[in-house]
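Trainee: Handing you this structure, nothing more for now.
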Amino acid sequence: MRIKLEAVPLNLRRGKPVLRKSQGTPPRAPLVCPVRGCAETLSWENSQAICSRGHLFDRAKSGYCNLLQVQERKSRQPGDSKAAVQARRRSLARGLGEALREAVCSRVTSWSLPPEGLVLDAGCGEGYYLDALCARFRFEGWGVDISTAAIEAAARAYPIARWLVANADRTLPFADGCFDLITSITARKNPAEFHRLLAPGGHLLVVVAHENDQVELRGALFGEVPDSDRAGATTAAFAPLFELEDEVVVSTRAVLDPTGLKDLLMGSYRGERFSAQAGLAQLGTLAVTLSYRLLSFRPR
Ligand SMILES: [Zn+2]
């Protein structure tokens, strides 16, 4: 196993990739109708997705399609709220996702994935990382998230990929073995479903927060340092179906004022837990560590 520490200073911003392709070509990913007991092929058309039995899902004006079935929702508006999505967008606009984006792309560069391969980002949020993968590697990208607000934002900002509202904890609406790469970036993990969807020889990249992620913020607000070992728990959960290939740590630090700190809290995976945001106003400006573990898996 290889463990490497990368630090990418935030002031070394790299240019955003400019490659964009139209969605005029029909997708190659075999979609499957999500209606219980159907499982017919779902045809992705300009304004809708429809199966041979006539189950029909309208595509929104922004292009995404909501395939979430009623029984798959736990609440009326599951997943990240619009406020959380907007907070994350502001954090990304401050450059806070750049180090992780570069690390994800660097990891993918080292694999010999087929040109224009099929990529699924499960729990893609507002789409920042999938957009980078599609732009740089010409992948056919599919982003899935349970939050309509997140998928709406993704579809508006990144027409290079295709976006679905669906529950990544359940059965995802794709045929077996169709993806060359699956990413789960600080998102929910579904080892059995990822294994079903990954092509033989495919790659799975799971990003979890490092124990030191936001350690200063958590320490200042809650006296909690460090966090739990998410990598160990993740590797154990995936072990029956996946072999851990290697692990890369990416860390950076950002100096944030109270507005930036609030956006970071609201938009991060800790957002719900820390929704109270008590004490934030008293913090002033704080240097915050952002740190992740990139776990690369191969299917057994
Ligand atoms: Zn159907």
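Trainee: Considering only residues that are of a type in the set (A, V, I, L, M, F, W, C) and either open to solvent by 10 Å² or more (accessible area, probe 1.4 Å) or within 16 Å of Glu245 (Cα to Cα) (or both), which ones fall in segment 104-115?
Mentor: Within segment 104-115, Val104, Val108, Trp111, Leu113 qualify.
Trainee: Sort out for me the strands (runs of 3 or more DSSP E) sitting completely within segment 148-229 that have 1 or more residues that are closer than 16 Å to Ser291 by Cα, open to solvent by 20 Å² or more (accessible area, probe 1.4 Å) and out of contact with any Gly (no Cβ under 6 Å at 6 or more places or on another chain).
Mentor: Filter on segment 148-229 gives an empty set.
Trainee: For residues that are charged (D, E, K, R) and at pLDDT 95 or above, scanning just segment 173-231, find the one that is nearest to Val248 (Cα to Cα).
Mentor: This residue is Asp180.
The values are calculated or read from the model by the stated rules, or taken from the named source; none is laboratory data. Computed from a predicted model, the values in this text were never measured in an experiment. Virtual Cβ from ideal backbone geometry, glycine too; neighbours counted across all protein chains shown. Remember, those area values only see protein heavy atoms, side chains included, never the ligands or the DNA or RNA. Shrake-Rupley method; radii C 1.70, N 1.55, O 1.52, S 1.80 Å.
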